[in-house]
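Notes follow the structure.
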Amino acid sequence: ASDRLKAIDTLSVDDSWITKGKLLGAFEFGKGFYSDIDAIKINRLGTGVVYEYHLKDWQYSQGVFKVEKKE
């Protein structure tokens, strides 16, 4: 997708908030972003996986989190 965006000179969407640079930036991830990809759960209809991830990150950002023990 990013290769196709790079080849486009103008966007078909006429909006002041979206730019080609912002769209290309949406496809750039920091080093190690996918390092734990095998541990990421797949969200399916009715599973609530996305909600669980959101809740966990929100709790962490609020300083309310549990440290999970590894056995």
Can you give the Kirkwood hydrodynamic radius for the chain, in Å, rounded to one decimal and based on Cα pairs?
-> 16.1 Å
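Report, to the nearest whole %, how much of the accessible area of the chain belongs to carbon and sulfur atoms, 1.4 Å probe, protein only.
56 percent
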The answer for the chain, accessible area per residue at 1.4 Å probe in Å², is 101 Å²
Mind checking the dipole of segment 1-70: about its Cα centre, +1 per Lys or Arg Cβ, -1 per Asp or Glu Cβ, Debye to the nearest 20?
-> 340 debye
Considering only DSSP states other than H, G, I, E and B, which chymotrypsin sites (Phe, Trp or Tyr not before Pro) in the chain qualify as loop sites with at most 13 other Cβ atoms within 10 Å?
-> W17, F27, F29, F33, Y34, F65
Cβ charges +1 (Lys, Arg) and -1 (Asp, Glu), total dipole of segment 27-68, debye = 100 debye
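The values are calculated or read from the model by the stated rules, or taken from the named source; none is laboratory data. Because the structure is a prediction, the values reported are computed rather than measured. Glycine also receives a Cβ, built like all others from the backbone with ideal geometry; neighbour counts cover every protein chain displayed. Heavy atoms of the whole protein, side chains included, go into the accessibility calculation; ligands, DNA and RNA do not. Shrake-Rupley method; radii C 1.70, N 1.55, O 1.52, S 1.80 Å.
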